[in-house]
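The values are calculated or read from the model by the stated rules, or taken from the named source; none is laboratory data. Quick caveat, the model's predicted, so the values are computed rather than measured. Heads up, the Cβs are rebuilt from the backbone with ideal geometry, glycines too, and the neighbour counts pull from every protein chain shown.
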């Protein structure tokens, strides 16, 4: 038997990423859980942001942002960046960053992988505006690059978010296609 509930945001877990953005000497970092991949060729992603968020205008004006993946060791950083507003707090003072290769927003050095993004289009959807963006560069901590040049995040301890709680991603269950392999 199943219980029927009112429609809601019940896909979980989702990534708990820190988005960095910069425009005209204003740089900020904020936590986003509404993000994902929307296309392979060209590589595209999205973030959904409430218009009242401090970073909304920064992204809207610059047309750029960086999605910084987070790890269990970083758990307090996305929580802090999600709780404090850039209107009142300079969150960048708590973050170690490096310049990004293709966009003006910085990359957080503690992040194992960062996606540098340029906004292609945006859609106002209600409570959030979706910024759809081309992924113009991906940078990765060298610790997670194998001898073949591939990113291996199994040891990174990536973090996820589900219904108000943060989780460390667990053990590997299989590889793509393992259910049909002989």
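Numbers below:
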| item | result |
| --- | --- |
| Test: residue in the range 170-182 that is touching a strand residue (DSSP E or B) at 6+ places or on another chain (Cβ under 8 Å) and outside any strand (DSSP E or B) | no |
| Of all residues making up the range 83-130, the number that are out of contact with any helix residue (DSSP H, G or I) (no Cβ under 8 Å at 6 or more places or on another chain) and over 29 Å from residue 145 (Cβ atoms) | 13 |
| Residue among 103, 98, 113 that alone is surrounded by fewer than 16 Cβ atoms within 10 Å (Cβ to Cβ), modelled with pLDDT of 95 or more and touching a strand residue (DSSP E or B) at 6+ places or on another chain (Cβ under 7 Å) | 98 |
| Failed condition for residue 130, given (1) surrounded by fewer than 16 Cβ atoms within 10 Å (Cβ to Cβ); (2) in contact with a strand residue (DSSP E or B) (Cβ under 9 Å, 6 or more places away or on another chain) | (1) |
